[in-house]
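Visitor: Structure incoming, see below.
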Amino acid sequence: MEELIVKKAKDLFFSYGLKSVSMDDVAKNAGVSKKTIYKCFDDKNQLVQRLVSDLLSCHKQGLEQCREGAKDAIDEVLLFSQTPFNTVAVINPGFFYELKKFFPVVHRLIADHTQHVLIPSIIKNLEKGIEQELYRNDIDLLFTAEVRVQQILTAHNPKTFTDRILQSNKLMLQLSEFYLHGIVTQKGKKLINKYLNVNNENQFSN
């Protein structure tokens, strides 16, 4: 029952935001009584915390899968433009705005995830790329990682970046290519072109 409630709550909160969706709406969407929801969760705050925790766990798992499945550092960056990014790309940006405004303690989980999971993951990729001679060895690791985080945030909400109508996943790929060209060696540049030419149409155009 708890998993059903969480699933239905995700559908509503991620699509319409947090403020406009009530616990009555969640109960109706799940086909249960509000009393049943409160047997599983003390209040809306606890339910929202569960959703965010699940989301971050899924994102972390996606990062690990990219790292393990990548042929090299560049391939890992391009793989990230798919599953891990799409984990959050489908969520209405208003959800995160309202989360920060109305649920600041829960929102802190995202900040902690960025600092302790996402940034270290990016830095590991940079270190791997340098070791593989695909990235320049004069990169400022922390600064570059922080720039990458800003790219990810921008891709999730394209309207903050451009007036053009862009899908988040396509913007993410464009920003990833831009990011890579700023840090690669000549050896790395050849790999970027190889991966994009072979995989772009099949993997990233949808």
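Quick note: the coordinates plus some simple rules give every number you see, no bench work behind them. Nothing here was measured: the structure is a model prediction, and the numbers come from that model. Neighbour counts are summed over all protein chains in view; Cβ atoms, including those assigned to glycine, are modelled from backbone coordinates with ideal geometry.
Visitor: Give the long-range amide H neighbours of residue 135: residues separated by 5 or more places, or on another chain, with amide H under 5 Å away, using H modelled in the peptide plane at 1.01 Å from N.
Guide: 130, 185
Visitor: Could you calculate the FRET efficiency of residue 92 with residue 193 from 1/(1 + (r/R0)^6), where r is the beta carbon distance between them and R0 is 45 Å, rounded to 0.05?
Guide: So the FRET efficiency works out to roughly 0.80.
Visitor: Could you give the angle, 0 to 90 degrees to the nearest 10, between helix 44-69's Cα long axis and the longest principal axis of the Cα atoms of the chain?
Guide: Helix 44-69 sits roughly 20 degrees off the main axis of the chain.
Visitor: Give me the extension gain from residue 7 to residue 33: residue separation times 0.36 nm, minus the current Cα-Cα distance, reported in nm with one decimal.
Guide: Full extension from residue 7 to residue 33 adds 7.8 nm.
Visitor: For a quick check of your reading of the filter: which trypsin sites (Lys or Arg not before Pro) in the range 26-90 sit in a DSSP loop and have no more than 13 other Cβ atoms within 10 Å?
Guide: 71
Visitor: While we're here: Would you be so kind as to identify which of 91, 186, 150 lies farthest towards the positive end of the dipole of the chain, taking Lys and Arg as +1 and Asp and Glu as -1 on Cβ and the Cα centre as origin?
Guide: In the chain, that residue is 91.
Visitor: Alpha carbon centre of the range 8-69 versus the range 71-122: separation in Å?
Guide: 16 Å
Visitor: Shifting gears a bit: In degrees, nearest 10, range 0 to 90: what is the angle between the Cα axis of helix 93-102 and the longest Cα principal axis of the chain?
Guide: Once rounded, one gets 60 degrees.
Visitor: Right, here's the next one. So for 58, 66, 40, fewest C-beta neighbours within 10 Å to most, what's the order?
Guide: Fewest-to-most ranking of 58, 66, 40: 58, 40, 66.
Visitor: Can you give the Kirkwood hydrodynamic radius of the chain from its Cα pairs, in Å with one decimal?
Guide: 18.4 Å
Visitor: Moving on to the next point. Amide H to amide H, which residues 5 or more places from residue 41 or on other chains are under 5 Å from it, using H placed in the peptide plane?
Guide: Amide H neighbours of residue 41, under 5 Å, 5+ apart: none.
Visitor: To the nearest 0.05, how large is the calculated FRET efficiency for residue 49 and residue 146 if R₀ is 22 Å and r is the Cβ-Cβ distance?
Guide: 0.25
Visitor: Work out the FRET efficiency for residue 16 and residue 40 from their Cβ-Cβ distance, taking R0 = 22 Å, and round it to the nearest 0.05.
Guide: It comes out at approximately 0.55.
Visitor: Would you mind computing the Rg to Rh ratio of the range 1-41 from its alpha-carbon coordinates, Kirkwood style for Rh?
Guide: Across the range 1-41, the Cα-based Rg/Rh ratio is 0.92.
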